[in-house]
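Structure, as structure tokens:
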Amino acid sequence: MVVRIDNRRARRLLLDRQGLSQPPSRKLSRDGLLALIERIGFVQVDSISTVERAHHMILFARNQTYRRAHLKRLLERDRTLFENWTHDASIIPTRFHPYWRRRFQREHRRLHERLQKWRPGVSERDFTEVLERIARDGPAMSRHMAPGSKGGNGGGEENGAGWWNWHPSKTALEVLWRTGALAVTRREAFQKVYDLTERVIPADLAGRDVSEEAFVDWACASALDRLGTATSGEVAAFWDLITPAEAKAWCEARLGTALVPVEIETADGSKPRRSFARPDIEQSIASVPEPPGRLRILSPFDPLIRDRNRTHRLFNYHYRIEVFVPAAKRRYGYYVFPLLEGDRLIGRLDMKCQRDADTLSVTGLWLEPKVKLSAGRRQRLESELDRIRRFSGMDRVAFNDDWLRAEP
């Protein structure tokens, strides 16, 4: 028997699994922050900061008492979080590090094959020299490694250059980080500071190994638990640790025992999506709390909307970030924030901090079809903007004259 899940319940299940159903004003301790990140799975890091960096926006959307100092301590002192790669650079609970060791092995093969093709000038000697220098002299940044550098930025992801354009030592730093020999010990002005992994990751985790079977099982089970329901492709894509074929085999092997088939109704009424879930899915859905009715501004990199196709099916909301779209071809704007109200994505907002004027400037609002800017909704939006204003350290919110936009 296939369990049919209506669209609204599916949305609410995902919101709950992604930490968006808890009271956003409830006091969040440092331990609570760690628990929140473990619940979500990871928090993406990105260099763009039109208001605040992505990881801060993601966490603030879930709890307005979030403190940046708590995140810094968890990363740099407690070492209960570490930074590495999922589908992109992310903050990850350190207790998951043993599973990343398997990823490091896979990345070592993949990245070294790419280097042979695109960066034949990068040799094993570059890797050895970087490791020896950090072992001898301590933590280092990319700019410390650039030939002839006296402290200036040697190039890298912080200034938008692709890794194939980096100097050999910078390339070695990034590959050694992506393959586990180095770890990010802290960031300075958002630039990574690298150190030997054994000096960053606690020894009981850095040295722990898991079998290939346990690795695949954890990657699939933990992804499904953070999504509630998922296709095998969505399971594989969540952490980006395993292949779609591995996830498909895992799901099919457990169907009828540890997994049951479900059909998820779509927001636009199109064909339901066949997916997998735990056998207690109906009880899980029944226990999901109603999400807060307030309006919240999400980061473009929020994990709720990372899978754009899934977002469209569940919310009938099409989103893409237009950072890399030429200005003349953008539909909305450079860096536009999705708006979540209750269990619906209702629009998008273009805003930025004008720090020289201590102003959070709102330049555009686009609401979804059939969504109106009622007096109550406008009040909820203004309340959220005021929270963002205070979080970003601005003195006031200002609206451009033409900030209310119609759909392009």
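The values are calculated or read from the model by the stated rules, or taken from the named source; none is laboratory data. Computed from a predicted structure; not experimentally measured. Heads up, the Cβs are rebuilt from the backbone with ideal geometry, glycines too, and the neighbour counts pull from every protein chain shown. Areas reflect the complete protein model, heavy atoms only, side chains present, ligands, DNA and RNA absent. Shrake-Rupley method; radii C 1.70, N 1.55, O 1.52, S 1.80 Å.
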Karplus-derived 3J(HN,Hα) from phi for region 238-248 (6.51 cos²θ - 1.76 cosθ + 1.60, θ = phi - 60°), whole Hz, x at Gly and Pro, runs 4, 8, 6, 9, 10, 8, x, 5, 5, 5, 4
Just report the Cα centroid separation between region 46-119 and region 173-206, whole Å. 11 Å
Net charge of neighbours whose Cβ lies under 9 Å from the Cβ of Asp46, counting Lys and Arg as +1 and Asp and Glu as -1: 0
Roughly what % antiparallel, to the nearest 5, for the DSSP beta bridges in region 255-408? 75 percent
Of Asn84, Asn309, Asn63, which is the most mobile in a GNM of the chain whose springs link Cα atoms less than 10 angstrom apart? Asn309
In terms of the ratio Rg/(2.2 N^0.38 Å) built on C-alpha atoms, what value belongs to region 207-284? 1.15
In terms of modelled amide H atoms, which long-range or inter-chain residues lie less than 5 Å from the amide H of Ala277? Val260, Val262
Accessible-area composition of region 215-308, carbon plus sulfur, in percent [1.4 Å probe]: 50 percent
Could you rank His112, His87 by how accessible they are, 1.4 Å probe, largest area first? His87, His112
Scattering from the C-alpha atoms of the chain alone, worked out with Debye: what is log10 I(q)/I(0) at q = 0.06, 0.07, 0.10 1/Å? -0.26, -0.36, -0.75
Candidates per trypsin sites (Lys or Arg not before Pro) in region 188-223, loop by DSSP, up to 14 other Cβ within 10 Å: Arg208
Cβ-placed point charges (K, R +1; D, E -1), dipole of the chain about Cα centre in debye, nearest 20: 620 debye
Electrostatic dipole magnitude of region 272-400 [Cβ: Lys, Arg +1; Asp, Glu -1; Cα centre; debye, to 20]: 460 debye
For Lys248, give me every one of the lysines with a C-alpha distance below 28 angstrom, ignoring sequence neighbours fewer than eight places off in its own chain. Lys271
Using heavy-atom solvent-accessible surface (probe 1.4 Å) with all chains present, what is the largest-first order of Phe276, Phe324, Phe104? Phe324, Phe276, Phe104
Asp356, Asp280, ranked by accessible area, largest first (probe 1.4 Å): Asp356, Asp280
Using the charge dipole of region 1-103 (Lys, Arg: +1 at Cβ; Asp, Glu: -1 at Cβ; taken about the Cα centre), state which of Leu15, Met1, Ser29 has its Cα farthest towards the positive end. Met1
Heavy-atom accessible area per residue, the chain, 1.4 Å probe: how many Å²? 45 Å²
Glu113 - accessible surface, heavy atoms, 1.4 Å probe, Å² rounded to 10: 120 Å²
Region 360-408, Cα convex hull volume normalised per residue, Å³: 79 Å³
Taking all protein chains in place and a 1.4 Å probe, what share, in percent, of the accessible surface of region 317-408 do carbon and sulfur account for? 47 percent
What the Cα atoms of region 11-67 span along the principal axes, largest first and in whole Å, is 29, 25, 17
I'd like to know which of Ala277, Ile305, Pro326 lies farthest towards the positive end of the charge dipole of region 270-326, counting +1 on Cβ of Lys and Arg and -1 on Cβ of Asp and Glu. Pro326
Largest to smallest principal axis extent of the C-alpha atoms in region 266-391, angstrom: 55, 33, 26
